[in-house]
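*Asks:* I am attaching a structure below and will ask some questions about it afterwards.
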Amino acid sequence: MKIVTRPYAEADRLRWLEGGVHPLLARLFAARRIRSAAELEQEFSRLIPPGEMRNCGRAAQLLADAIARQQKLLIVADYDADGATACAVGMRALRGFGARVEYLVPDRFRLGYGLSPELVDLAAAMKPDLLITVDNGIASVEGVARARSLGIATLITDHHLPGESLPEAECIVNPNQAGCGFPSKAIAGVGVMFYVMLALRAELRQRNFFKSEDQPNLASLTDLVALGTVADVVPLDANNRILVAQGLKRLRGGRARAGLAALARAGGREPARASCFDLGFVLGPRLNAAGRLADMSLGIECLLTDDEARAANCAQELDRLNRERRRIEGEMLDQASAALEELAQTPGAALTLFKAGWHQGVVGLIAARVRERVHRPVICFAKADSGELRGSGRSIPGLHLRDCLDLVAKRAPGLLLRFGGHAQAAGLTIEEKNLEKFTTLFERVADEMLPGEARARVVETDGALEPAYHSLQVAQMLESQIWGQGFPPPLFCDTFAVENQRVVGERHLKLRLLKDGRRLEAMRFNSLEPLPSRVHAAYRLSVNEFNGLKSVQLNLEHVEVK
């Protein structure tokens, strides 16, 4: 591992300084190649117009016609936070427009991902006129065909990468489909659904649907959009940052949905101080726990209820599921660590792991943890029904995981029963008897696709942090900004003397560091490896709160021994 400093143009830094920006933020913005204040605009009016997303207007017409005819709409959700929030956005907006709408979410352990023919058969029992997929559907060729055969129309809203053939749906809204010029290709599934609802409101206005100025306030749904966007770890480009900023404003202003506020409190966080960290590491995991271990319907109900008592009950159950998820993840991670130690040689270009007792809903988290250790693309499998294995993979910069799996599928037709995903994360299903064949071919294809320079772990930081900025005020200023994937939160690096270290909470190290005669409190999470007396470390500045007192804390993420 090599810790390096992210470069920046001095002219950009000076431009920010001259504009009155804090000196530290000036350096951080310049290093992220943000050259104008317009790129940091957070006003709702600065969003890319819905008309720029292909078929958004067509979807609005389809939905407006269905509402006018009082047809029954059925949202087909997904079982992660992006899918759950997209479902909640659709349910709330469509109900506000007077639609007859319900939702259905697949059981990941029986039906797997997306609009499968089996899920369509379940949906048919609810007698819908139109199926609306959220955060899924772009790969559901067979499912859409099954719906068509039953006389059920389909509207697909998705953001995943399309395959070679598209479903024959009535309408597909996906910024990543061919011919769509929407600039924000990084928008999450919840963002796509939000855009469709914006277009629908515009269509209904044109039809003089609303009898007064009392129209649904779609901006009130941005707290849901922010949660799904951050939890899905999509790049926070300018458009996504606006959506997240608007959502955080609602949370901090006490105007969030009852379920989001309850989730924050269940995680010990105050909504008034909500940050991107809270969305990604407090609310998101609790919402995801329902889809990983049980039924995402619980999570969706938490997002749909306006009853604070009901929201609190849902949030407490989600918190319990999240604690159970952490326990399972810890056991699986120990087994994965043991498997790594048993390897005869260091991993090649990619790594595949499987244990018979692993939980389907948690293998993606294990893949992410192992990837961090070995700096290689990793796929972890768990047993499914009928002799199948379901896998979840995480990649590293330099290897597009979905494209890699696509090449594997082309070279061995029939090996992958199903697959889909993004550049950095993907899912797949294979027959258990083909695990060894898949492992060999996956590593071979990854070896061809992964550039040599991408195999060396390089940690980009923002360099050293001036002693005066090791303060609570600066930590709070940084937390108030919109950081995330593609717009990375500040990561600094310095050399410290390690004055004291002890284990806390079974898996973490609490540290006291010394630099230039100044003592600094620090944590190294999920690591029990003792540090030497002197280290070069990459760290984040954070706000620690204990017994109502706030203090600045360094969270060490990467360590080089000096």
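Here, each number is a calculation from the coordinates, and none is a lab measurement. Since this is a predicted model, take the numbers as computed values, not measurements. Cβ: placed from backbone, ideal geometry, glycine included. Neighbour counts: every protein chain shown.
*Asks:* Can you give the % of DSSP beta bridges in the chain that are antiparallel, to the nearest 5?
*Replies:* Details: 50 of 77 bridges.
Bridges in the chain that DSSP calls antiparallel: roughly 65 percent.
*Asks:* Using the Cα centre as the reference, give the magnitude of the dipole from point charges on the C-beta atoms of the chain (Lys, Arg: +1; Asp, Glu: -1; all else neutral), rounded to the nearest 20 debye.
*Replies:* Details: 72 positive and 68 negative charges, 161 e Å.
That gives the chain a dipole magnitude of about 780 debye.
*Asks:* Using only Cα atoms and rounding to the nearest 10 degrees, what angle (0 to 90) does helix 222-231 make with the longest principal axis of the chain?
*Replies:* Helix 222-231 sits at roughly 60 degrees to that axis.
*Asks:* Oh, and also: Can you tell me the length gained on complete extension of the stretch F546 to E39, counting 0.36 nm per residue apart and subtracting the Cα distance? Before the final figure, lay out the partial values.
*Replies:* On the way: separation 507, 0.36 × 507 = 182.52 nm, distance 3.61 nm.
My answer for the length gained is 178.9 nm.
*Asks:* For the chain, what is the convex hull (Cα atoms) projected area averaged across all directions, in square nanometres? All intermediate terms of the calculation are to be shown ahead of the outcome.
*Replies:* Numbers: hull surface 106.2 nm².
That works out to 26.6 nm².
*Asks:* Once you charge only the Cβ atoms, +1 for Lys and Arg and -1 for Asp and Glu, what is the size of the charge dipole of region 343-455 about its Cα centre, to the nearest 20 debye?
*Replies:* Numbers: 16 positive and 12 negative charges, 39 e Å.
Roughly 180 debye for region 343-455.
*Asks:* Oh, and also: Principal axis extents for region 102-206, Cα atoms only, whole Å, descending order, please.
*Replies:* 36, 33, 23
*Asks:* Right, next: Kindly provide the pair-distance distribution of region 459-561 built from C-alpha pairs, with 5 Å bins from 0 and whole-percent values in order of increasing distance.
*Replies:* Each 5 Å bin holds this share of Cα pairs: 2, 12, 23, 26, 20, 13, 4, 0.
*Asks:* To the nearest 10 degrees, how steep is helix 284-293 against the longest Cα principal axis of the chain, on a 0 to 90 scale?
*Replies:* 60 degrees
*Asks:* Mind listing P(r) for region 297-389? All alpha-carbon pairs, 10 Å bins, whole percents.
*Replies:* Histogramming region 297-389 at 10 Å steps yields 15, 36, 25, 17, 6, 1 percent.
*Asks:* Now a separate question. What does the highest-first list of 153-160, 534-541 look like by mean Cβ count within 10 Å? Each step should come with its number before you reach the end.
*Replies:* On the way: 153-160: 26.0, 534-541: 20.1.
Final packing ranking: 153-160, 534-541.
*Asks:* Continuing with this model, one more query. Just the Kirkwood number for region 343-455, please: inverse of mean 1/r across all distinct Cα pairs, in Å, one decimal. Please report the intermediate quantities before stating the final value.
*Replies:* Values: mean 1/r = 0.0730 Å⁻¹.
Result for region 343-455, one decimal place: 13.7 Å.
*Asks:* Another question, then. Could I have the simple spin-label model distance between R205 and A497, label points 7 Å from Cα toward Cβ, reported in nm to one decimal?
*Replies:* According to this spin-label approximation, the distance is 6.5 nm.
*Asks:* So, with +1 on the Cβ of K and R and -1 on the Cβ of D and E, and no other charges, what is the size of the charge dipole of region 101-256 about its Cα centre, to the nearest 20 debye? Working shown, then result.
*Replies:* Numbers: 15 positive and 17 negative charges, 131 e Å.
Its charge dipole is roughly 620 debye.
*Asks:* I would also like to ask the following. Order these by the 10 Å Cβ neighbour count, fewest first: V374, V445. All intermediate terms of the calculation are to be shown ahead of the outcome.
*Replies:* Working: V374 16, V445 22.
So the ranking, lowest neighbour count to highest, is V374, V445.
*Asks:* What percentage of all Cα-Cα pairs in region 48-319 are separated by more than 30 Å?
*Replies:* Numbers: 8424 of 36856 pairs.
Tail of the P(r) past 30 Å holds 23 percent of the pairs.
*Asks:* So, counting K/R as plus one and D/E as minus one, what does the shell of residues with Cβ under 15 Å around E142 add up to? Don't skip to the answer; put the middle values down first.
*Replies:* Values: positive: R146, R148, R418; negative: E118, D121, E164, E168.
In short, -1.
*Asks:* Whole angstrom only: what separates the Cα centroid of region 376-448 from the Cα centroid of region 259-279?
*Replies:* Taking the Cα centre of each part, region 376-448 and region 259-279 sit 35 Å apart.
*Asks:* Separate question: Can you work out the PRE-style zone for R519? Point 7 Å along Cα to Cβ, and I want the residues of region 532-551 with backbone N under 17 Å.
*Replies:* 551
*Asks:* To continue, here is another question. Would you mind checking which residues have amide H under 5 Å from K355's amide H? H placed 1.01 Å from N; only 5 or more apart, or other chain.
*Replies:* F381
*Asks:* Could you compute how fast region 144-300 diffuses translationally, taking Rh as the Kirkwood radius over C-alpha pairs and applying Stokes-Einstein at 37 °C with viscosity 0.692 mPa s? Give it in µm² per second. Intermediate values should be presented prior to the final figure.
*Replies:* On the way: Rh = 17.4 Å.
For the chosen part, D equals 189 µm²/s.
*Asks:* Tell me the angle of helix 308-342 to the major Cα principal axis of the chain, expressed in degrees between 0 and 90 and rounded to the nearest ten.
*Replies:* 60 degrees
*Asks:* Next question. Quick one: net charge around V192, please, counting Lys, Arg +1 and Asp, Glu -1 for every other residue with C-beta under 9 Å from its C-beta.
*Replies:* Numbers: positive: none; negative: D135, D158.
Cβ neighbours under 9 Å give a net charge of -2.
*Asks:* So in region 459-561, what percent of DSSP beta bridges are antiparallel if you round to the nearest 5? Each step should come with its number before you reach the end.
*Replies:* Values: 33 of 35 bridges.
Percentage antiparallel, nearest 5: 95.
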